[in-house]
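Enquirer: This structure is in C-alpha cells; I'll ask about it shortly.
The values are calculated or read from the model by the stated rules, or taken from the named source; none is laboratory data. Bear in mind that the values here come from a model prediction, so they are computed numbers and not experimental data. Neighbour counts are summed over all protein chains in view; Cβ atoms, including those assigned to glycine, are modelled from backbone coordinates with ideal geometry. The area values use the complete protein model at the heavy-atom level, side chains included, leaving out ligands, DNA and RNA. Shrake-Rupley method; radii C 1.70, N 1.55, O 1.52, S 1.80 Å.
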Amino acid sequence: HVQLVESGGGLVQPGGSLKLSCAASGSKFSIDYMGWYRQVPGKQRELVAYITRGGTTHYADSVKGRFTISSEYAENTVHLQMNSLRPADAAVYYCNALVVFDLGARQDYWGQGTKVTVSS
C-alpha cells in the first residue's frame, strides 16, 4: 500500500509562482514514473508534466517554459515549480505515481489533489 501526499497549493496572483510537492509513503517500493495532472469542474483531467526514473520529462504545451518538474526518487518525491501563473492554470492538481514494489508488482496511485487558485 502506498499513499501520495501533496502540498503547496494555494492562492496566487497572476504572474506569481507556486511550488507543489508530492511524496509517496509506504514500504518496499520504488517509483518508475511521477507526474502531475490537473482538473477543473466539467473538464477532463489533463496531464501537466511527468518525469521518469531515468529523468525524461514531458510538459503539456500550455505550461512549457513556465513549469518545471523535478524529482527526488531516493525520497519518492516529485515537485512542480509553477511560474508565471495564469488564471487558466487554476485547477485541482493531482500527483500520480507508477509504483514498483520490491516483489515486482506495479500499481498506479493518485493523490487526493491540491487546489491552485490564480486570481487577482
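Enquirer: For ILE31, only one of the following conditions fails: (1) modelled with pLDDT of 95 or more; (2) surrounded by 14 or more Cβ atoms within 10 Å (Cβ to Cβ); (3) aliphatic (A, V, I, L, M). What is its number?
Expert: Unmet condition: (1).
Enquirer: Can you report the number of residues in segment 91-105 which are in contact (Cβ under 8 Å) with a residue 40 or more places away in the chain, farther than 11 Å from VAL2 by Cβ and open to solvent by 30 Å² or more (accessible area, probe 1.4 Å)? Let's see the steps before the verdict.
Expert: So the first thing to find is which residues in segment 91-105 are in contact (Cβ under 8 Å) with a residue 40 or more places away in the chain, and the list is 91-103.
Filter once more, so that each one left must be farther than 11 Å from VAL2 by Cβ: 91-96, 102-103.
Applying the additional criterion that residues be open to solvent by 30 Å² or more (accessible area, probe 1.4 Å) yields 92, 94, 102-103.
Looking only at that region, the number is 4.
The rows are residues; the columns are (1) within 27 Å of SER119 (Cβ to Cβ); (2) of a type in the set (A, V, I, L, M); (3) in contact with an Asp or Glu (Cβ under 7 Å, 6 or more places away or on another chain).
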site: GLN13; (1), (2), (3): yes, no, no
site: SER25; (1), (2), (3): no, no, no
site: ASP32; (1), (2), (3): no, no, no
site: GLU46; (1), (2), (3): yes, no, no
site: ARG53; (1), (2), (3): no, no, yes
site: HIS58; (1), (2), (3): no, no, no
site: LYS64; (1), (2), (3): yes, no, no
site: SER71; (1), (2), (3): no, no, no
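Enquirer: Let me ask something else. Provide a single number: the residues in segment 40-60 that are touching a residue at least 40 places away in the same chain (Cβ under 8 Å) and open to solvent by 80 Å² or more (accessible area, probe 1.4 Å).
Expert: Looking only at that region, the number is 1.
Enquirer: Where residues in segment 61-90 are of a type in the set (D, E, K, R) and within 26 Å of VAL2 (Cβ to Cβ), which of them is surrounded by the fewest Cβ atoms within 10 Å (Cβ to Cβ)?
Expert: Kept after step one, since they are of a type in the set (D, E, K, R), are these residues of segment 61-90: 61, 64, 66, 72, 75, 86, 89.
Of the ones still in play, those that are also within 26 Å of VAL2 (Cβ to Cβ) are 72, 75.
Details: GLU72: 13, GLU75: 10.
Per the criteria, the residue is GLU75.
Enquirer: Among the residues of segment 41-90, how many are aromatic (Phe, Trp, Tyr) and over 17 Å from ILE31 (Cβ atoms)? I'd like the intermediate steps shown before the answer.
Expert: Of the residues in segment 41-90, the ones aromatic (Phe, Trp, Tyr) are 50, 59, 67, 73.
Now restrict to residues that are over 17 Å from ILE31 (Cβ atoms): 59, 67.
Count: 2.
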